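Scroll down for the structure; my scribbles are underneath it.
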Amino acid sequence: MDTPALLRYTESHEWVRTDADGCVTIGITAHAQDQLGELVYVELPAVGRSLTRGDAFAVVESTKAASDVYAPIDGEVVEVNSALADTPQSVNSAPYDTGWLIRVRPANASQIESLLTAETYLAGPGAL
């Protein structure tokens, strides 16, 4: 399963990519979407919402179950992937590309460094 080395990961299967503008893009991992099955609905937060690390910020619903998605860092939501309203299955087909969930302006960018590397994620929570 694909786990890009340049991303950071959480034990609850979220990924974080630092973008050129200093914001971060957040989604769920290939492992998470595989465990959930085909997504049929994604509920995303409002732009401007403040996130606290560890708190649920979204819900992904599949044919198998609904699951909360947790904030990997503190920050403010600056963009949501509105295309997921019509094509939630993008999370399944391209979790690290068109299936991203939100973009966040970090309150404390150093929190990103405390997240798991791809190697650590694959050795632990992302192991199959």
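Data table
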item	result
Residue, nearest to VAL78 (Cα to Cα), within the stretch 1-39, restricted to residues that are crowded, with 20+ Cβ neighbours inside 10 Å and β-branched (Val, Ile, Thr)	VAL24
Condition broken by VAL77, with the remaining ones in (1) outside any helix (DSSP H, G or I); (2) in contact (Cβ under 8 Å) with a residue 40 or more places away in the chain satisfied	(2)
Residue count, the stretch 98-128 (criterion: in a loop (DSSP other than H, G, I, E, B) and at pLDDT 95 or above)	9
Inter-residue pairs, beta-carbon under 7 Å, first at positive phi and in the stretch 34-57, second surrounded by 13 or more Cβ atoms within 10 Å (Cβ to Cβ) and in a strand (DSSP E or B), 6+ apart	GLY37/SER62; GLY48/GLU76; GLY48/VAL77; GLY54/TYR70
Given (1) of a type outside the set (Phe, Trp, Tyr); (2) in contact with a Ser or Thr (Cβ under 8 Å, 6 or more places away or on another chain); (3) farther than 17 Å from LEU122 by Cβ, number of the condition ASP55 does not satisfy	(2)
Lone qualifier among VAL42, VAL77, VAL60, VAL69 - being out of contact with any Asp or Glu (no Cβ under 9 Å at 6 or more places or on another chain), crowded, with 20+ Cβ neighbours inside 10 Å and farther than 14 Å from GLY126 by Cα	VAL77
Members of the stretch 85-97 that are farther than 21 Å from THR3 by Cα and either of a type in the set (Gly, Ala, Ser) or surrounded by 19 or more Cβ atoms within 10 Å (Cβ to Cβ) (or both)	ALA85
When residues of the stretch 12-51 are limited to those that are part of a helix (DSSP H, G or I) and of a type in the set (Gly, Ala, Ser), the one nearest to ASP2 (Cα to Cα)	ALA30
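The values are calculated or read from the model by the stated rules, or taken from the named source; none is laboratory data. No experiment lies behind these values; they were computed from the predicted model shown. Here Cβ is always computed from backbone atoms with ideal geometry, including for glycine, and neighbour counts include all displayed protein chains.
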